[in-house]
Amino acid sequence: MSSSRVHRPDTILLVITGILLIVGLFMIASASPVISSSRFGDAYFFLKNQVVGLGIGAAALLISMRIHYTFWKKIAPFLLIISLFLMALVFVPGIGITLKGASRWIHAGAITLQPAEILKFAFIAYLASWLVARQKDIRGFISGFIPFLVMLGTISVFFILQPDIGTLGVLAVSASLLYFSGGGKWSQIGILLLMGIIMFGVIVFTQPYRLDRVLVFLQPNHDIQGIGYQLHQGLIALGSGGFWGKGFGMSRQKFNYLPEATGDSIFAIFGEEFGFFGIVILIGLFLIFFWRGIRIAHQAPDAFGRYLATGLTLLIIIQAFINMAAISGLVPLTGLPLSFISFGSSALVMNLAEVGILMNISKYTRR
């Protein structure tokens, strides 16, 4: 067996993360002034808050990079309980914040927190430790598959109640792939896929606005002044970027044409300004991130490190590609932010903390 003594962490992963963060800051600087001025009277409101989030996230990365990754195995059950408690607080009047019909945030003094971001990490850490403990039982239907379904189902209830179906989708897909990597059978994955399709159908048909999103996905030109407006404007932005793009800061869609220009639509602004060439580079950066994360997992010194690195890499990458696919009309719109790039401190801080954990695992990989 190769040595797993402490060595330098994966600098390529860190560099790729740094580049994505820089891209994010530039895109926030470009996309936000119009909406910042109209909402807050400060053209740099979003940018300043993103810089603060980046500072906190950088601190979280440095701290988590210094904590031995096995620490998360020890506290995973407690972290999961705490994160579920925080998820419940979003429904408490005076603490929870409801915006556009969704209760996803809690407010404590000057801090606004999105507990779902913590729960995503907590569940992956707990699932990684559970897979290690149940390694011999995972392939069993009663001993492995049913307990996994119960755990995932319990977590799902919190997301459905908020509602936050996009984040639930990211977590469910990541957790299912992690379960499969831990020894789940193909037949079990097939059952999961079938159950997911049924659940998706139930969720969609019980809420008209979700059904509308599916209809827009199937017919992009449907009601372009109403429910299809965001996708239509996003496609205009991507199409008008051409091959080379209009240039940094030259987007027209950010002038109150494209909703959520700093959030889930920021990829469209990026495509408009940097074109197809820039999109290929951006996708390439995320693919390199995925390669390094899976490489760390493959070379991890133990099963927990392997599962944890796999799960965290999947969380970040699946969310990024769903965001880009949604604004491109390849999947229904989800409202998910683009990892490292969209505005949002909770997601940014947790993403960077997760990168720090990946960096810590990379210090002990077998060579």
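The values are calculated or read from the model by the stated rules, or taken from the named source; none is laboratory data. What you are looking at is a predicted structure, and each value in this text was computed from that prediction instead of being measured. When we count neighbours, we look across all protein chains shown, and the Cβ atoms used for this are built from the backbone with ideal geometry, even at glycine. Side chains included, ligands, DNA and RNA excluded: accessible areas come from the protein's heavy atoms. Shrake-Rupley method; radii C 1.70, N 1.55, O 1.52, S 1.80 Å.
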query = Between Gly311, Gly241, Gly140, which gets the highest mean-square fluctuation from a Gaussian network model of the chain, Cα cutoff 10 Å?
reply = Gly140
request  = Using only protein heavy atoms and a 1.4 Å probe, report how much of Asp264 is accessible, in Å² to the nearest 10.
outcome  = 20
query = Can you list the residues, at least 5 places off or on another chain, whose amide H is less than 5 Å from the amide H of Arg104, using H built in the peptide plane?
reply = Ile97, Leu99
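Determine the order of Val34, Val6 by accessible area, beginning with the largest, at a probe radius of 1.4 Å. Provide the component values of the computation, followed by the final result.
Values: Val34 40, Val6 100 Å².
Largest accessible area first, the residues go Val6, Val34.
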request  = Would you mind working out the magnitude of the charge dipole of the chain relative to its Cα centre, with +1 at each Lys and Arg C-beta and -1 at each Asp and Glu C-beta, to the nearest 20 Debye?
outcome  = 1120
ask   = What spacing in nm lies between the two simple spin-label points modelled at Ile198 and His107, each 7 Å away from Cα in the Cβ direction?
value = 4.1
note = Charge dipole of the chain built from unit charges on the beta carbon (Lys, Arg +1; Asp, Glu -1), centred at mean Cα; most positive-end Cα among Ala102, Ala172, Ile296 is Ile296
task = At a Cα cut-off below 26 Å, give the lysines reachable from Lys254, other chains included and same-chain residues fewer than 8 away excluded.
result = Lys48, Lys100, Lys246
query = Accessible area per residue of the chain at 1.4 Å probe, in Å²?
reply = 46
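At a 1.4 Å probe radius, which order do Lys136, Lys363 fall into by accessible area, largest first?
Working: Lys136 200, Lys363 40 Å².
Accessible-area ranking of Lys136, Lys363, largest first: Lys136, Lys363.
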request  = Work out, step by step, the length gained on full extension between Ile189 and Ile12: first 0.36 nm times the residue separation, then minus their alpha carbon distance; give nm to one decimal.
outcome  = 60.5 nm
key: Accessible area of Thr262 in the full protein assembly, 1.4 Å probe (Å², nearest 10)   = 10
request  = Compute, for Lys185, the solvent-accessible surface of its heavy atoms (probe 1.4 Å) with the complete set of protein chains present, and express it in square angstrom to the nearest 10.
outcome  = 80
key: At R0 = 41 Å, FRET efficiency that the Cβ-Cβ distance of Val280 and Leu161 yields, to 0.05   = 0.55
task = Beyond 22 Å between alpha-carbons counts as too far, so tell me which of Lys136/Lys185; Lys73/Lys120; Lys73/Lys185; Lys185/Lys363; Lys74/Lys363; Lys74/Lys136 fall in that bin.
result = Lys73/Lys185; Lys185/Lys363
query = For segment 284-358, which whole-number percentage of the solvent-accessible area (1.4 Å probe, protein heavy atoms only) is attributable to carbon and sulfur atoms?
reply = 71
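Over all directions, average the projected area of the Cα convex hull of segment 281-367 and note it in nm². Before the final figure, lay out each step's value.
On the way: hull surface 24.0 nm².
Averaged projected hull area, Cα only: 6.0 nm².
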key: Label-point gap, in nm, between Phe71 and Met250 - each point 7 angstrom along Cα→Cβ   = 4.8
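Roughly to the nearest percent, how much of the accessible area of segment 139-230 is carbon and sulfur, given a 1.4 Å probe? Before the final figure, lay out each step's value.
Numbers: 3630 of 4860 Å².
Accessible surface attributable to carbon and sulfur in segment 139-230 totals 75 percent.
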